[in-house]
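Chemist: One structure, as structure tokens, below. Some questions next.
The values are calculated or read from the model by the stated rules, or taken from the named source; none is laboratory data. The structure displayed is predicted, hence computed values, not measured ones. Ideal geometry is used to build each Cβ from the backbone, glycine not excepted, and the neighbour counts take in all protein chains shown.
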Amino acid sequence: MPPASTAPPERAPFVCAGRIANAMRITALDEAAESLGLRVGQGLAEARAICAKLDVIEADPAADRALLKAIADWCDRYTPLVALDGEDGLMLDITGCAHLFGGEERLIRDVDHRLTAFGFAVRISVGPTPGLARACSRFGGPQRVAPSDMAAALAPLPIAALRLETQTVMDLARVGLKTIADLLAAPRPPITRRFGSGPMLRLDQALGREGEPISPRRHLPLLSAERRLAEPIMTEDQVLDLAGRLAAGLKTSLEARGEGGRLFELLVFRVDGRVFRIEVGASAPLRDATRIRALFEERLSVLQDELDAGFGFELVRLNVLLSESFDDAQPALADETNDREDLTRFLDQVAARLGERALRLPVSLASHWPERATLHAPVSDASKSLDLVPPQTQKAARTVRGLRPLRLLDRPEEVEVMSAVPDGPPASFRWRRVQRRVLRAEGPERVAPEWWVDDEDSPPRDYFRIEDTEGQRFWLYREGLYERRTVRPSWFLQGFFA
């Protein structure tokens with residue numbers, strides 16, 4: 001009896017297919033399918049005729065996009081400047097970062113080794129410009145290109161490597177321009193006149209003659225500190241201890257800037273590639289490592305079930321995303337400072353556990369209309385806005401607001417009003433099917449439309465403070481004037497007094 005074979009079974013060529021223009025077409029394929037002559041955009045029926053054993057799975061663009069974003073998060077370990085490049089690529093700006101990994105070649109090997117271990121087939125190229133790196137990685141160019149070799153690396157690649165429109169590539173091919181070498185040798189003015197500025201602009205960008213910025217997915221942090229671990233950590237306490245140490249390391253940098261952090265981000269990289277992002281905010285600029293650790297502890301107490309350690313965490317990073325000027329407290333104001341710190345500590349703990357919108361305060365806005373005069377902002381932002389207003393102004397504002405109700409409806413509700421005189425206060429009104437007789441009325445208080453926001457035909461409002469025979473107090477307004485355009489103005493109920 002012959003010995004059993006230990007070789008792995010041969011895998012069938014694999015493609016993804018989706019409906020495009022009322023036909024099933026290939027959207028992605030592996031190298032085995034590509035070696036058979038199959039291509040993206042080819043009809044599925046034609047592909048099956050070429051390879052009867054073709055393994056087909058339905059395309060899922062949303063899942064592909066989510067996977068690409070997850071890989072982009074994982075690539076944050078190399079540089080914070082990571083951008084999506086189309087539907088199946090990433091662009092990393094490693095300027096000033098490669099030396100942290102032993103140089104560009106070792107960085108390339110590290111990325112290739114890790115992603116291959118995750119089961120991905122990747123093509124990586126490093127070049128002086130984004131256009132050059134993209135062209136080489138997608139069209140078989142060198143893996144690493146020096147600035148002096150840019151033209152030589154681009155020359156043998158097809159015109160399509162310059163990210164031109166398909167029709168432009170076809171038009172260039174009709175006149176014999178099929179490779180970038182052909183375009184390099186062609187005179188520029190005729191090419192621009194016939195095909196527009198696109199071909200030469202893309203060529204100049206790839207060669208570094210024109211700038212081409214990378215648009216990263218996330219904003220670059222103001223300050224950052226990280227710890228790469230020789231042995232993965234498993235527990236939440238270990239993560240928090242590292243967060244506290246990293247916060248202590250950032251304190252010196254914040255002091256040098258004369259600032260404190262307002263928004264912090266903790267990144268935890270799991271061994272299998274998953275990345276957890278945890279954000280906490282502070283209601284006042286913060287440097288104290290103990291308090292920063294406590295904020296993350298509050299946040300993790302809510303996310304405990306979601307922060308699955310798996311096989312452990314291998315990298316922890318702390319970013320300062322937002323900072324503000326930090327004012328050191330004077331000794332004479334120690335008691336007042338302690339009271340304020342207790343308040344901010346409470347606000348920060350509640351926001352970290354329940355979210356920043358759990359506590360909100362009304363903030364005055366520059367608007368005549370009551371429904372647009374206030375905004376309920378998170379307490380951290382609202383308290384900051386109040387700190388910028390002088391005490392005299394706050395007192396005056398409270399005096400004016402004393403004439404306004406504390407409770408407003410989400411939107412004014414129309415009421416039926418009877419008045420003794422057309423332009424006088426209501427004698428009675430009907431709201432929500434209940435007729436109410438007016439005992440006292442004060443007003444009117446006229447509010448004009450905002451000419452810089454509202455239409456010029458918007459009517460003014462006359463507001464009245466009303467008390468009915470049952471002692472309930474209402475805030476009504478009449479929209480429009482009898483003597484101007486409107487024959488019968490409308491009445492609305494907007495709020496209630498205590």
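Chemist: Do we find that PHE269 is touching a residue at least 12 places away in the same chain (Cβ under 8 Å), under 30 Å from ALA155 (Cβ atoms) and hydrophobic (A, V, I, L, M, F, W, C) in this structure? Walk me through it before giving the result.
Modeler: Numbers: touching a residue at least 12 places away in the same chain (Cβ under 8 Å): yes; under 30 Å from ALA155 (Cβ atoms): no; hydrophobic (A, V, I, L, M, F, W, C): yes.
No; evaluated as a whole, the condition is false for this residue.
Chemist: Take ALA309 and tell me if it is out of contact with any strand residue (DSSP E or B) (no Cβ under 8 Å at 6 or more places or on another chain), surrounded by 15 or more Cβ atoms within 10 Å (Cβ to Cβ) and at pLDDT 85 or above.
Modeler: On the way: out of contact with any strand residue (DSSP E or B) (no Cβ under 8 Å at 6 or more places or on another chain): no; surrounded by 15 or more Cβ atoms within 10 Å (Cβ to Cβ): yes; at pLDDT 85 or above: yes.
So ALA309 does not fit the description; no.
Chemist: Kindly indicate whether any position in region 78-93 is without any contact (Cβ under 8 Å) to a residue 60 or more places away in the chain and more than 21 Å from ALA66 (Cα to Cα). Please lay out each step first, then the result.
Modeler: If we filter region 78-93 for residues that are without any contact (Cβ under 8 Å) to a residue 60 or more places away in the chain, which is where we start, we get 78-79, 85-87, 89-90, 92.
When the remaining residues are screened for being more than 21 Å from ALA66 (Cα to Cα), the result is none.
No, the conditions are met nowhere in region 78-93.
Chemist: Can you find a residue that is surrounded by fewer than 18 Cβ atoms within 10 Å (Cβ to Cβ), assigned to a strand (DSSP E or B) and at pLDDT 90 or above anywhere in region 448-466?
Modeler: no
Chemist: Something else: Do any residues in region 415-431 that are within 15 Å of LEU481 (Cα to Cα) have Cβ atoms under 9 Å from those of residues that are part of a strand (DSSP E or B) and of a type in the set (Val, Ile, Thr), where the two are at least six apart or on different chains, and which pairs are they?
Modeler: Cβ pairs passing all conditions: PRO425/VAL438; PRO425/ILE466; PRO426/VAL415; PRO426/VAL417; PRO426/VAL438; PRO426/ILE466.
Chemist: I need the full set of residues from region 125-155 which are of a type in the set (A, V, I, L, M, F, W, C), closer than 23 Å to VAL82 by Cβ and free of Cβ contacts under 8 Å to residues at least 40 places away in the same chain, in order please.
Modeler: VAL126, CYS136, PHE139, VAL145
Chemist: Quick check: is even one residue across region 108-127 within 20 Å of LEU201 (Cα to Cα), surrounded by fewer than 19 Cβ atoms within 10 Å (Cβ to Cβ), in contact with a helix residue (DSSP H, G or I) (Cβ under 8 Å, 6 or more places away or on another chain) and not polar (S, T, N, Q)? Steps first, please.
Modeler: Kept after step one, since they are within 20 Å of LEU201 (Cα to Cα), are these residues of region 108-127: 127.
Keeping just the survivors that are surrounded by fewer than 19 Cβ atoms within 10 Å (Cβ to Cβ) gives none.
The answer is no, given that none of the residues of region 108-127 is within 20 Å of LEU201 (Cα to Cα), surrounded by fewer than 19 Cβ atoms within 10 Å (Cβ to Cβ), in contact with a helix residue (DSSP H, G or I) (Cβ under 8 Å, 6 or more places away or on another chain) and not polar (S, T, N, Q).
Chemist: Taking region 294-319 only, how many residues are assigned to a helix (DSSP H, G or I) and of a type outside the set (Phe, Trp, Tyr)? Walk me through how you get there before you give the answer.
Modeler: First, the residues of region 294-319 that are assigned to a helix (DSSP H, G or I): 294-302.
If we keep only those that are of a type outside the set (Phe, Trp, Tyr) as well, we get 294-295, 297-302.
Looking only at that region, the number is 8.
Chemist: Among the residues of region 164-180, is there at least one that is in contact with a helix residue (DSSP H, G or I) (Cβ under 6 Å, 6 or more places away or on another chain), closer than 21 Å to LEU84 by Cα and part of a helix (DSSP H, G or I)?
Modeler: No: region 164-180 contains no residue that is in contact with a helix residue (DSSP H, G or I) (Cβ under 6 Å, 6 or more places away or on another chain), closer than 21 Å to LEU84 by Cα and part of a helix (DSSP H, G or I).
Chemist: Next question, about the same structure. In region 19-61, how many residues are without any contact (Cβ under 8 Å) to a residue 24 or more places away in the chain, of a type outside the set (D, E, K, R) and closer than 28 Å to ASP110 by Cα?
Modeler: 4
Chemist: Only one of these conditions is not met by VAL363: (1) at pLDDT below 90; (2) closer than 26 Å to HIS219 by Cα. Which number is it?
Modeler: Single failed check for VAL363: (2).
Chemist: Just checking, which of LEU90, LEU44 is over 32 Å from the mean Cα position of the chain (by Cα) and aliphatic (A, V, I, L, M)? So that I can check it myself, show each step before the final result.
Modeler: Working: LEU90 fails: over 32 Å from the mean Cα position of the chain (by Cα).
After ruling out the rest, the residue left standing is LEU44.
Chemist: Tell me yes or no: at least one residue of region 130-145 is among the hydroxyl-bearing types (Ser, Thr, Tyr) and closer than 23 Å to PRO213 by Cα. I'd like the intermediate steps shown before the answer.
Modeler: Of the residues in region 130-145, the ones among the hydroxyl-bearing types (Ser, Thr, Tyr) are 137.
Okay, now just the ones that are also closer than 23 Å to PRO213 by Cα, so 137.
There is at least one residue in region 130-145 that is among the hydroxyl-bearing types (Ser, Thr, Tyr) and closer than 23 Å to PRO213 by Cα.
Chemist: Do we find that ARG299 is surrounded by 12 or more Cβ atoms within 10 Å (Cβ to Cβ), at pLDDT below 80, over 30 Å from PRO449 (Cβ atoms) and basic (Lys, Arg) in this structure? Talk me through it step by step, then tell me what you get.
Modeler: On the way: surrounded by 12 or more Cβ atoms within 10 Å (Cβ to Cβ): yes; at pLDDT below 80: no; over 30 Å from PRO449 (Cβ atoms): yes; basic (Lys, Arg): yes.
Criteria not met by ARG299.
Chemist: What's the number of the only condition in (1) assigned to a helix (DSSP H, G or I); (2) under 23 Å from the mean Cα position of the chain (by Cα); (3) among the aliphatic types (A, V, I, L, M) that LEU84 fails to meet?
Modeler: Evaluating LEU84 over (1) assigned to a helix (DSSP H, G or I); (2) under 23 Å from the mean Cα position of the chain (by Cα); (3) among the aliphatic types (A, V, I, L, M) leaves (1) as the failure.
Chemist: So, one more: Given (1) in a strand (DSSP E or B); (2) in contact (Cβ under 8 Å) with a residue 40 or more places away in the chain; (3) hydrophobic (A, V, I, L, M, F, W, C); (4) over 21 Å from LEU92 (Cα atoms), where does ALA225 come up short, assuming only one miss?
Modeler: It fails just one condition, (4).
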